[in-house]
Amino acid sequence: MAPSDSAIKKNVRESIKYIRKSISLEPKIAVILGSGLGDFADSLEDKIKIATADIPHYPKSTVEGHRGFLVFGKLNGLSVMAVQGRTHYYEGHSIPEVAYVVRIMAEIGIKTLLVTNAAGGVNPLFKPGDLMIIDDHINFMFRNPLRGPVIEPETRWTDMYQAYDRKCIQTIEEIGLALGIPLRKGVLFASTGPTYETASEVKMAQKMGGDAVSMSTVPEVLIARSRGIKVAGISCITNMATGISKTALSHREVTEIANQVKDKFQKLIREILIKLGNAA
Ligand code: HPA
């Protein structure tokens, strides 16, 4: 059975009580950093890092390349919260655990969430190293953190119309142009992992309208939308998906490409957070 409404609320309250002992910032914008993309959090000014392992009820991160910290700091004077080391379903966590941090965000007062991830390119026009604005998603994880008792003010029938905010997308497109960083735009197809897809599954994802495949992001977005948090997303295309790529995939390749695009990615994320954060 899913934990009860009151148990989750109590856990979130206790997590926040611990976090509040270390931070007094009131960020309105947050970013979740994907595989190999976590270094951005270290570029925040006046930062305070809280190890997620120390936060009561926070699920423990176990993946190589994922450091588990909530990082609070500033960008040009703007308060920002960054999640360094996301919680993945494939680590063995439940889907509500994967999205737990977004319930913390909602209670802390976050109004806009930028989700990022490493993803495989399904659209044949993409190349490893491309950055893609997430236009929409396909929840091929077939799991939903909102299942179970309704945790008010979340709602049972959360609307997914324009789940990724149109105005945020436009702002990100303008930032890409201003910085001279070409951006793709497409649909994220999320499966549970931890295996990469077969070539046939990638063909299916393509036929269904997917442009990139990943093993994350969707659960967090579902809770964010249920709490009225605006969502924007960037996928880092770290490899072409199976079958499109002519070689076998490896986690090392994913982290290597993420590392190669680090400067471009960080420059973009910084501008996005400043622009969207000032509008939040
Ligand atoms: N598939 C799923 N998830 C991924 C991939 C992929 O090819 N690359 C990075 N994350």
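The values are calculated or read from the model by the stated rules, or taken from the named source; none is laboratory data. Bear in mind that the values here come from a model prediction, so they are computed numbers and not experimental data. Backbone-built Cβ (ideal geometry, glycine too); neighbour counts: all protein chains shown. The area values use the complete protein model at the heavy-atom level, side chains included, leaving out ligands, DNA and RNA. Shrake-Rupley method; radii C 1.70, N 1.55, O 1.52, S 1.80 Å.
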For the chain, size of Cβ-based charge dipole, Lys and Arg +1, Asp and Glu -1, in debye: 380
Amide H partners (placed H, <5 Å) of N239, local residues excluded: A119, G121, G129
Those aspartates and glutamates that a straight Cα-Cα span of less than 16 Å connects to K185, excepting residues fewer than 8 apart in one chain: D130, D135, D136, D165, E173, E174, D211
3J(HN,Hα) from dihedral phi, segment 7-13, Karplus parametrisation 6.51/-1.76/1.60, rounded to Hz, x for glycine, proline: 5, 5, 4, 5, 4, 4, 4
Karplus (6.51, -1.76, 1.60) ³J(HN,Hα), θ = phi - 60°, over segment 115-122, in Hz, Gly and Pro reported as x: 9, 10, 7, 8, 8, x, x, 9
DSSP bridge orientation in the chain - percent antiparallel, rounded to nearest 5: 35
Size of electric dipole in segment 126-280: Cβ of Lys, Arg +1 and of Asp, Glu -1, about Cα centre, debye, nearest 20: 40
The chain - mean residue ellipticity at 222 nm from DSSP helices (-39,500 (n - 2.57) per run, n ≥ 4, rounded to 500): -10000 deg cm²/dmol
Residue with peak Gaussian network fluctuation, the chain [Cα springs, cutoff 10 Å], from D39, D211, D263: D263
Fraction of accessible area attributable to carbon and sulfur, the chain (%, probe 1.4 Å): 52
FRET efficiency, S6 to K185 (Cβ-Cβ, R0 41 Å, nearest 0.05): 0.50
Rounded Å value of the spacing that divides the Cα centres of segment 223-269 and segment 106-182: 12
Sequence-distant lysines (8 or more away, or on other chains) whose Cα lies within less than 16 Å of K264: K127
Extension gain from D54 to E14, taking 0.36 nm per residue of separation minus the Cα-Cα distance: 13.2 nm
Inter-label distance, nm, simple model (7 Å from Cα along the C-beta direction), T155/K167: 1.8
